[in-house]
Amino acid sequence: MNKSELKLLGLKIKALSVFRSLVKDAVISSLLAYIDNISDNNQETAVYSYAEFVSKLYHSRHESLGGYVRSIVSNDENCYINAVGRNKEPSDVIKESVKREIAVLQQIASLTSKELLEPISEYSSILPEFEIKNIDLLEDYKHRCENIGKYGYGIYAKYHMFYVEQAGNIVPVRYPDNTRLCELIDYEREKNVIIENTKALLTGKPAANILLTGDAGTGKSSTIKAVVNEFYTEGLRILEIRKDQLMEIPAILDELSENPLKFIIFIDDLSFQKGDDNFSALKAILEGSVSAKAKNVVIYATSNRRHLVKESFSDRDGDDIHRNDTMQEMLSLSERFGIHITFNKPDKKTYLNIVHHLAKDKGVEIGEAELDLLAERYALERGGRSARAAKQLIDGLLSK
């Protein structure tokens, strides 16, 4: 491309409106800097800015400009995709702008190193190149919009596990737990209940909130995360919140309710002290207050306690005239979950079965009798048999 062609392309990029955020993208902005230097005849500065552009492309984990442009276009959150995600028809003006801007972005995606370096070809031998990838950006974007319920947009397209930070913002988990269902041994009945309920959520059928209780280390949390890893390509996401953030749930539901994806709000290790305000907040949410309705969101919570509220003998024997009512109130929260699943500690046979499966999967070569002896000894040292103890044992053997 000659200088005038590059200058025109630069102006087209600067004129993006629907995809305005891409102008500030690290790679695209460095490309613009190169084009501006070419337009201003600053060749030495252009050499630097071109190298900076390619460096940022490499550091984005893309070696192809076309692949990079497709990625940022697919994940961009803008007025058009927001309307599509809410099942609203975008205006004709917005539709035309999207077509025009996709054509500009296609032009960027189709650029080659040779074309970009043409105005400073005398320096091409010392400058890096990038790969060429042929893509049809308009068809790709059309496909994603038609399947918005599986892909999502913005941070929800790029990540599938999230948490709520101290300031109340939803942020992605950049290095999520990658546990898969095939790695979780036994507890088939318990897993299938969660899987079927999650499938109902994904297909738009009524899905229940689930409470998972039982002994520590039995795989309650791991099962939920494994289910998300299994179905995130179908549009499932998970948002973990702490117990002290429960009052944030109504606002979170307001934000998620218009999102085309399906969400699990995950509360781990749930329990309350008597008089805890968070108790009433969660109970109101589970009862379905007006602000808590969201067809695309369910709550999955785990607890090592059956009744969730810690109680003392004084709670049972106090002089409260309405003691029975008080006790029922304390025990009622778990009943607000549509499904209650109990994960019991494995018996010896189940525990050893888990150990054997993990040892085989991880390539631990120890005789069965010796492995059983080590497993039982390890369980005794750890206070009992559990799936967690089995995993920790195998990890320990692998480290040796």
Test: Ala226 is under 20 Å from the mean Cα position of the chain (by Cα), at pLDDT 95 or above, surrounded by fewer than 16 Cβ atoms within 10 Å (Cβ to Cβ) and in a helix (DSSP H, G or I): no
Criterion (among the small types (Gly, Ala, Ser) and at pLDDT below 85) met by exactly one of Gly318, Gly396: Gly318
So which residues in segment 196-224 are out of contact with any strand residue (DSSP E or B) (no Cβ under 7 Å at 6 or more places or on another chain) and basic (Lys, Arg)? Lys199, Lys205
Restricting to segment 81-102, name every residue that is polar (S, T, N, Q), surrounded by 12 or more Cβ atoms within 10 Å (Cβ to Cβ) and more than 17 Å from Leu138 (Cβ to Cβ). Asn82, Ser91
Ser121 being closer than 21 Å to Met1 by Cβ and in contact with a strand residue (DSSP E or B) (Cβ under 6 Å, 6 or more places away or on another chain): no
Quick test for you: out of Ser64, Ser97, Ser91, Ser60, pick the one residue that is under 15 Å from Ile28 (Cβ atoms) and more than 23 Å from the chain's Cα centre (by Cα). Ser64
Pairs needed: first member in segment 159-176, within 17 Å of Leu246 (Cβ to Cβ); second member anywhere, in a loop (DSSP other than H, G, I, E, B); C-beta distance under 7 Å; at least 6 residues apart or different chains. Phe162/Val173; Tyr163/Val173; Val164/Ile241
Only residues that are assigned to a helix (DSSP H, G or I) and among the acidic types (Asp, Glu): list them for segment 1-38, please. Glu5, Asp36
If you scan segment 22-41, which residues turn out to be under 20 Å from Tyr123 (Cβ atoms) and surrounded by fewer than 15 Cβ atoms within 10 Å (Cβ to Cβ)? Asp40, Asn41
Phe19 being within 26 Å of Asn78 (Cα to Cα), buried (at least 19 other Cβ atoms within 10 Å of the Cβ) and without any contact (Cβ under 8 Å) to a residue 40 or more places away in the chain: no
In the list Ser64, Ser55, Ser71, which residue meets the criterion of being of a type in the set (S, T, N, Q), assigned by TED's automatic domain parsing to the domain that holds Glu96, surrounded by fewer than 19 Cβ atoms within 10 Å (Cβ to Cβ) and within 17 Å of Ser124 (Cβ to Cβ)? Ser55
Identify all residues within segment 229-253 that are in contact (Cβ under 8 Å) with a residue 40 or more places away in the chain, of a type in the set (D, E, K, R) and either more than 30 Å from Tyr80 (Cα to Cα) or in a helix (DSSP H, G or I) (or both); write none if there are none. Glu230, Glu234, Arg242, Glu248
Which residues, taken from segment 119-131, are farther than 15 Å from Phe53 by Cα and either surrounded by fewer than 16 Cβ atoms within 10 Å (Cβ to Cβ) or in contact with a Pro (Cβ under 6 Å, 6 or more places away or on another chain) (or both)? Ser121, Glu122, Tyr123, Ser125
So is Ile185 touching a His at 6+ places or on another chain (Cβ under 9 Å) and β-branched (Val, Ile, Thr) or not? yes
May I ask you to list the residues in segment 144-171 that are surrounded by 13 or more Cβ atoms within 10 Å (Cβ to Cβ) and not hydrophobic (A, V, I, L, M, F, W, C)? Arg144, Gly149, Lys150, Tyr151, Gly152, Tyr153, Gly154, Tyr156, Lys158, Tyr159, His160, Tyr163
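The values are calculated or read from the model by the stated rules, or taken from the named source; none is laboratory data. Fair warning: this is a prediction, and the values are worked out from it, not measured in the lab. Positions of Cβ are backbone-derived with ideal geometry, glycine not excepted, and every protein chain shown enters the neighbour counts.
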